[in-house]
Structure formats: structure tokens, C-alpha cells
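Reading through the C-alpha cells given below for one structure.
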Amino acid sequence: PWCTVGAELGAGLSAEANREFGSEHLLHGKKLRAIACRRDCDDVLFSIEDGSSTYAVVHLTWSGKKEADSKSPWTVLYKTAEEWRLKCMIPDHEDFTSA
């Protein structure tokens, strides 16, 4: 269900994520680049642009404002693109295609 995003859509997804991150969110203040999104839900894969080669899947709420809960929007970090592929993309694909 994952598909790549172009620069224009990616910029919009990054902007929405930054609007939603409260000051206590683990990605608050981080520079993000959207790489992919799921076709079937509001999950977005971001590269954290701090030289760490870290990735994050963020489930956007589309509230357009900072979330009060520091755990929202829901976020999972991956140390590498390969870790994301193995732990997220492949299982998501298997669930998506078996439904």
C-alpha cells in the first residue's frame, strides 16, 4: 500500500506533520522529508534530515493544529530504510494484499 510521493505532495505532508507536532513530540523541531505514504490510511514515511539516516512513520491526524497529546500524531522510528522495509513495508504489503 506504500507509494512514493513527489516534491510538492511531500512538502505538504511535511508541513502538516510540523503543524501537528506539539513541543513534547519526539519529532518537534526536526527537519523532515516525506518519502512515501500509504494509499489506504494516513501513514507517511519521513526521512529525518539530521544526518542520522533515521526514518519515521507518522500517522497524520489532519487536524491542522498542534496535538495536545505528546504521543500524537502516532510515530514509529526506524534506524535505517532497511529496518523500515523489513518491519513495516513488507508486513503492510502482506496485510494489504491478503485482505
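Observations on the structure shown:
- In a reduced charge model with +1 at each Lys and Arg Cβ and -1 at each Asp and Glu Cβ, the chain shows a dipole moment near 240 debye about its Cα centre.
- Rh (Kirkwood; distinct C-alpha pairs) - the range 9-63, Å: 11.2 Å
- In the chain, the longest principal axis of the Cα atoms and the axis of helix 7-20 are about 50 degrees apart.
- Residue of 33, 19, 85 that the Gaussian network model of the chain assigns the largest fluctuation, springs spanning Cα pairs under 10 Å: 85
- Pairwise label distance in nanometres, residue 68 with residue 31, each label 7 Å out on the Cα-Cβ vector: 3.4 nm
- Modelled spin-label separation between residue 41 and residue 79, with each label point placed 7 Å from Cα along the Cα-to-Cβ direction: 2.5 nm.
- Positive-end residue of 36, 13, 89, charge dipole of the chain with Cβ unit charges: 13
Rule-based calculations on the coordinates, nothing more; no lab input. Please read these numbers as outputs of a predicted model, since none were measured by experiment. Cβ: placed from backbone, ideal geometry, glycine included. Neighbour counts: every protein chain shown.
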